[in-house]
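These notes are about the structure you will find just below.
The values are calculated or read from the model by the stated rules, or taken from the named source; none is laboratory data. None of the values given here were measured: they were computed from a predicted structure. Methodologically, a virtual Cβ is constructed for each residue, glycine included, from the backbone with ideal geometry; neighbour enumeration extends over all protein chains shown. Ligands, DNA and RNA are stripped out before the accessible areas are found, and what is left, the full protein with its side chains, is counted by its heavy atoms. Shrake-Rupley method; radii C 1.70, N 1.55, O 1.52, S 1.80 Å.
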Amino acid sequence: MKQDSTRNTSYTVDCEDYVHVVKFNPFDSGDSCSLIAYGGNNYVVVGTCRFQEEDAEVEGMQYKTLRTFHHGIRVDAIAWSPETRLDAIPPQIRFCTAASDRKLRLFTSDLQDKNEFKTFDGHSDYINDLVFAPNEGQEIASVSDDHTCRVWDLEGNEKAHFVLRSPGMSVCWHPEEAFKLMVAEKNGTIRFYDLITQQAILSLECEQTPLMSADWCLKNTLKIGAVAGSDWLIWDITRSSYPQDKRPVHIDRARLFRWSRVNENLFATTGYPGKTTTRLLVHHLGHPQPILTGTAAVGSGLTWHRTLPLCAVGGDHKIFFWITEM
């Protein structure tokens with residue numbers, strides 16, 4: 001794994017295929033390495049990463065593939081289950097994917113003989129995002145271009161169904177707010193649903209479109225971030241339903257927004273996948289300008305490491321990693 005000074009990538013991993021989506025496991029899996037999954041045109045690869053920033057014995061970065069799962073169709077989104085454990089005997093890997101055939105697939109593996117997957121049917125259009133219930137991992141929420149958010153159990157039964165007013169772009173489930181679901185719609189509205197009453201309890205407005213991505217800050221449950229048009233927007237939900245802070249950052253259009261998992265003032269955005277390169281910008285709320293700018297050849301996906309200020313983007317036969325300052 002070489003350290004790459006050009007375009008200020010900290011590290012790269014070579015992949016056998018185009019990487020459509022990449023996702024660090026956001027949960028503690030009981031191992032000192034970080035789990036990462038990436039999806040290509042017809043498979044999902046699960047591997048482990050270890051970085052010199054967390055282990056002095058590592059030179060640069062160590063990456064190891066644990067298993068390649070045949071998927072048979074392009075992978076569009078990946079969510080990790082909190083039930084994934086590398087320290088169990090046998091280990092358990094569990095994740096769910098969304099694919100271009102409008103189906104969810106739940107994979108469970110012990111990395112040896114047991115490799116199961118279940119298919120969930122119900123969405124009638126492209127699925128944009130999905131997430132596991134963060135504490136027990138017994139439910140999965142998904143949002144789609146079919147103007148619905150659906151909550152499923154692990155057998156694929158639909159437990160809740162929310163009708164949206166436009167395509168659902170992002171869905172978030174916060175470990176400290178386990179009975180609420182955040183759903184962001186393309187029309188610029190972000191709603192919070194109470195999962196007990198199955199009613200909307202709060203909404204936020206971008207006042208601009210299209211909203212492409214939103215995220216709920218892990219370190220501060222009152223902070224919501226999103227990208228709409230070419231801007232990023234930040235809300236403090238106790239203060240107003242309109243953004244407290246916004247800034248134009250991507251010349252064409254912004255595509256993804258992700259909060260860092262270690263600092264409530266740190267977040268990353270990506271521009272729209274262009275024909276040649278995609279821009280990654282890392283922002284800090286205390287700084288007027290982005291604190292890091294990176295480019296990836298036709299990048300897609302954006303994910304933060306669980307314990308380091310380090311993010312990754314997929315691309316053409318590569319995953320790119322950038323380490324930033326806190």
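Return the FRET efficiency for the residue pair ILE291, THR221: r is the Cβ-Cβ distance, R0 is 22 Å, and the value is rounded to the nearest 0.05.
0.35
Rounded to the nearest whole Å², what accessible area per residue is found for the chain with the 1.4 Å probe?
41 Å²
When the expected Rg is taken as 2.2 N^0.38 Å, what fraction or multiple of it is the alpha-carbon Rg of the chain?
In units of the 2.2 N^0.38 Å rule of thumb, it is 0.93.
Counting Lys and Arg as +1 and Asp and Glu as -1, each charge on the Cβ, what is the dipole of the chain about the Cα centre in debye, to the nearest 20?
It works out to roughly 660 debye.
So, with a 1.4 angstrom probe, what is the percent of accessible area on the chain that is carbon and sulfur?
Carbon and sulfur atoms account for 45 percent of the accessible area of the chain.
Please report the net charge: other residues with Cβ closer than 14 Å to the Cβ of LYS23, K and R +1, D and E -1.
Cβ neighbours under 14 Å give a net charge of +1.
Between ARG67 and ASN157, what FRET efficiency comes out of the Förster formula 1/(1 + (r/R0)^6) with R0 = 22 Å and r the beta carbon distance, rounded to 0.05?
FRET efficiency, ASN157 to ARG67: 0.20.
Counting only the heavy atoms of the protein chains, how much of ARG247 is accessible to a 1.4 Å probe, in Å² to the nearest 10?
Counting only protein heavy atoms, the figure is 70 Å².
Any chance you could look up the accessible area of HIS123 with a 1.4 Å probe, heavy atoms only, rounded to 10 Å²?
Estimated to the nearest 10 Å², HIS123 gives 20 Å².
For ARG253 paired with ASP113, estimate the spin-label separation in nm (one decimal), with each label point 7 Å from Cα along the Cα-to-Cβ line.
In this crude label model, ARG253 to ASP113 measures out at 5.0 nm.
Around LEU211, what is the net charge, scoring Lys/Arg as +1 and Asp/Glu as -1 over all other residues with Cβ under 14 Å from its Cβ?
-1
Cα gyration tensor of segment 217-326, axes a ≥ b ≥ c as square roots of the eigenvalues: rounded (a/c below 1.5), prolate (a/b > b/c) or oblate?
oblate
How do THR97, THR295 rank by accessible surface area computed with a 1.4 Å probe, from largest to smallest?
THR295, THR97
Is there a pair in LYS64/LYS103; LYS23/LYS103; LYS23/LYS219; LYS118/LYS318; LYS186/LYS223 whose C-alpha atoms are over 26 Å apart, and which pairs would that be?
Table pairs above 26 Å Cα-Cα are LYS64/LYS103; LYS118/LYS318.
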